[in-house]
Amino acid sequence: MIDQLLVHLDARVDAFAICEVADRWRLGLGPMKMPMFHYVLEGEGQIDGVTTPLAPGALVIIPAAQRHELQAPGYNPRHQEAMSEFRVLPEGLLRITAGDTPVLRTACATIAGRYLHQADLFSGLTEPMVFRFPDTARVPAIFEELVDELRTPRFGTRALASALLKQAFVLLIRAQLQDGGADFSWILSLRDPRIARAVGAMIDAGDERLSTDALADLAGMSRAAFQRRFQDVMGVTVADFDVRLRLHRAALLLVETDLPVGAIASAIGYSSRSHFSRAFRKALGVDPSRFRRDQASGEILSSVKDFISALLHPPKAKSAPE
């Protein structure tokens with residue numbers, strides 16, 4: 001189940017700064033248009049409004065458009081805004097500081113996360129969250145490499161730091177899901193383990209279409225209760241989710257393979273290329289061949305942006321499990 005969900009997770013991480021806070025100082029950051037996170041490299045401290053303390057190896061995710069403050073230990077800390085004291089390092093990486101002798105250091109990055117190639121992974125996140133890796137997680141090598149890379153930034157540091165932070169983020173989600181002790185309700189299907197089982201089965205089914213009755217049985221619910229709960233959690237009906245899952249597979253195949261469009265249509269269960277192309281165009285506003293060319297050239301169409309922002313909105317309120 002964990003691997004099935006992670007296959008459909010697309011996280012794009014861009015390291016942009018090293019944040020350093022001295023004893024009895026706090027550093028104000030944001031708000032930013034995208035979610036951001038801090039990976040604690042050294043020292044202890046806290047994020048304002050969050051009770052979980054910071055420690056080396058902890059990862060803090062900050063919602064988009066939310067201002068926050070990093071605070072080092074000490075009473076009556078002095079305050080400094082991020083952009084009032086910074087240095088530009090190689091490749092545009094910033095060193096943002098508060099105070100003279102830092103005791104708290106973090107790697108700062110923006111993160112764009114998508115689930116099923118379409119839904120905003122972080123749209124359900126409303127407040128900062130602090131995560132710690134379980135003792136069983138295999139992250140020491142990544143942590144040590146990241147610390148070493150950021151100790152003396154040089155050519156390639158920003159790209160390497162971004163890649164290492166992405167690895168840390170994915171390993172964190174895997175470790176927390178395996179541990180079972182974390183609240184990942186802000187990830188769509190994980191709000192309810194019964195729905196997660198059904199989603200996992202749909203992902204695993206490939207081009208086979210599972211009936212709603214079969215999915216309801218797998219979830220241990222009646223058909224009517226399953227349909228209501230699925231739409232409550234996922235924001236779309238079972239049938240709509242099935243279509244979007246297939247289009248997600250198609251989009252991945254268009255970008256990652258050279259398979260003809262007709263072969264991709266058949267692989268995801270469409271009887272004809274024309275039927276598939278109509279469905280793809282209706283969803284993304286562009287035909288499959290154009291989508292493949294634009295992705296290859298690095299272009300991001302405004303129609304795709306609009307589509308991504310509109311799809312699979314999480315429900316406004318959670319209903320109690322039935």
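The values are calculated or read from the model by the stated rules, or taken from the named source; none is laboratory data. Note that the structure is a prediction, hence the values are computed from the model and not measured. So basically every Cβ, Gly included, is an ideal-geometry build from the backbone, and we count neighbours across all protein chains shown. In case anyone asks, the SASA skips ligands and DNA or RNA and just uses the protein heavy atoms, side chains included. Shrake-Rupley method; radii C 1.70, N 1.55, O 1.52, S 1.80 Å.
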Can you tell me, using C-alpha contacts under 8 Å and at least 6 residues apart, the relative contact order of the range 221-300 as a whole percent? 19 percent
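Can you sort ASP232, ASP14, ASP192 by 1.4 Å-probe accessible area, starting with the largest?
ASP14, ASP232, ASP192
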Tell me the accessible surface of GLU69 in square angstrom (1.4 angstrom probe, heavy atoms of protein chains only), to the nearest ten. 20 Å²
Which FRET efficiency, nearest 0.05, do THR152 and THR101 yield, Cβ-Cβ r, R0 22 Å? 0.75
Rg/Rh for the range 14-80: what does it come to with C-alpha atoms and Rh from Kirkwood? 0.93
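How high is the FRET efficiency from GLU44 to ASP14, r the C-beta distance, R0 22 Å, rounded to 0.05?
0.25
With the cut-off at 1.5 for a/c, could you classify the range 206-251 from its C-alpha gyration tensor as rounded, prolate or oblate?
Values: a/c = 3.05, a/b = 1.54, b/c = 1.98.
Oblate shape, in that a/c is at least 1.5 and b/c is the bigger or equal ratio.
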Separation in nanometres of the label points that stand 7 Å from Cα toward Cβ, at VAL88 and ARG293: 3.7 nm
Given a 1.4 Å probe and heavy atoms of the protein chains only, how would you sort GLU81, GLU145, GLU20, largest accessible area at the top? GLU145, GLU81, GLU20
Segment ARG273-ASN76, extension gain: residue separation times 0.36 nm, minus the distance between their alpha carbons: 64.3 nm
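Once R0 is set to 22 Å, what does the formula 1/(1 + (r/R0)^6) return for the Cβ-Cβ distance between ARG223 and VAL243, expressed as a FRET efficiency to the nearest 0.05? Write down the numbers at each step before the final one.
Details: r = 19 Å, r/R0 = 0.87.
Efficiency computed from Cβ-Cβ geometry: 0.70.
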